[in-house]
């Protein structure tokens, strides 16, 4: 890197400014530009990213791939003199030898240090710390300095990170179901005389309200509770009850009787709540009061525990898909029962892959979420002797085929122990910040996890 003495260069500029041209009796004085700014900056060519991997033989190793600099454009904040890449480079990217491509409306660009040095296009720079640049105008005056940073992810964007939340979650909860509404987690617990509820704000999940019985004159079904819009719904003695806070409930105005609440849709374009009547007919409503009855549910439709998700189609946000997963009544069967429908339909379609190896396992306490654009199912895997908490099973085709995700999206090892300690009883929700919350019975333990990239700040 060539060094330059700035005062010498400045003198040359001053001298140049004084040069005049004489034509006859006229004297012309040339005025040099005062502009001095960087107008564009990018990483030239590519740099290398390193990441852990395995050889073909299964041994740990370090792999690498090239990161193309043009894929990570830089933002120039002229007011603050700050230049940075909005999208961080992948974890492990080596930024110790970076060659830049800089465009400026200036006479010269200097790397600011104890001894300033003139920047050259071939310079290889270490960006493990920010580098400051000076720009000098044609008139010899320095413009505002720039601080240039290259951001690199410190976390693997695709990795799921979990943390335990310490608090006063009740330890006397056994069977439970959690729902999420307006920034709060509501956990409904099966009790001897009446269902009880506790709640906490996700912003302060350490503090849970004491368990308190809900005010319904007959025993409610804790497993039927669901959120639809900004209200809670639950069944008690085949009747529908509605609440805004989880404690105070009023009987719905509907004359419809129910055996189950199955699923619902409440999106920008579609609103529908789905259930089954006492004769096991499919019923649905768009207001919770007026219900339409259709044919009986299929004979092999899930009769026990079920879980559902609803989400807009990626190809058409005006259409929502509902996917329902249920415990297989045949405990010797290796597969769960998966059903689906679109919001405009009034019937269910069973999903099953061509190959049995691609089926969703037969879980105990089947759980399903729509997360990061895919479906995920989990729970305890039914085995011959013991039930252990399984990994996430992921579906990229809306519930037809499923594969275990054993790489990035995984559960903490503690979950196997917690599943046994809780006798398989837990509940879960996904909040607005894309955290998955897990509440474990009998232990008072709460965990929350999220794929790292879903928490990265948008700039």
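Each residue in 347, 360 was given a count of other beta-carbon atoms within 10 angstrom of its own, and listing them fewest first yields 347, 360. Counting every alpha-carbon pair across region 36-150, the share separated by more than 17 Å comes to 58%. Of the Cα atoms belonging to the chain, the radius of gyration and Dmax stand at 31.4, 111 Å.
Volume per residue for region 203-275 equals 114 cubic angstrom (convex hull of Cα atoms). Shape index of region 139-189: Rg/Rh, with Rg the Cα radius of gyration and Rh the Kirkwood radius from the inverse mean 1/r over Cα pairs, equals 1.42. Using just its DSSP H runs of length 4 or more, each adding -39500 (n - 2.57), the chain gives a mean residue ellipticity at 222 nm of -1500 deg cm²/dmol after division by all residues. Contact order for the chain, expressed relative to its length and based on alpha carbon pairs under 8 Å spaced 6+ residues apart, stands at 11 percent. Taking a temperature of 20 °C and a viscosity of 1.002 mPa s, what whole-number D in µm²/s does Stokes-Einstein yield for region 300-370 with Rh from Kirkwood over alpha carbon pairs? Answer from the Stokes-Einstein relation: 166 µm²/s.
We did not get these values from a lab; they are worked out from the coordinates using the rules stated. Not measured: the values here are computed from a predicted model. So basically every Cβ, Gly included, is an ideal-geometry build from the backbone, and we count neighbours across all protein chains shown.
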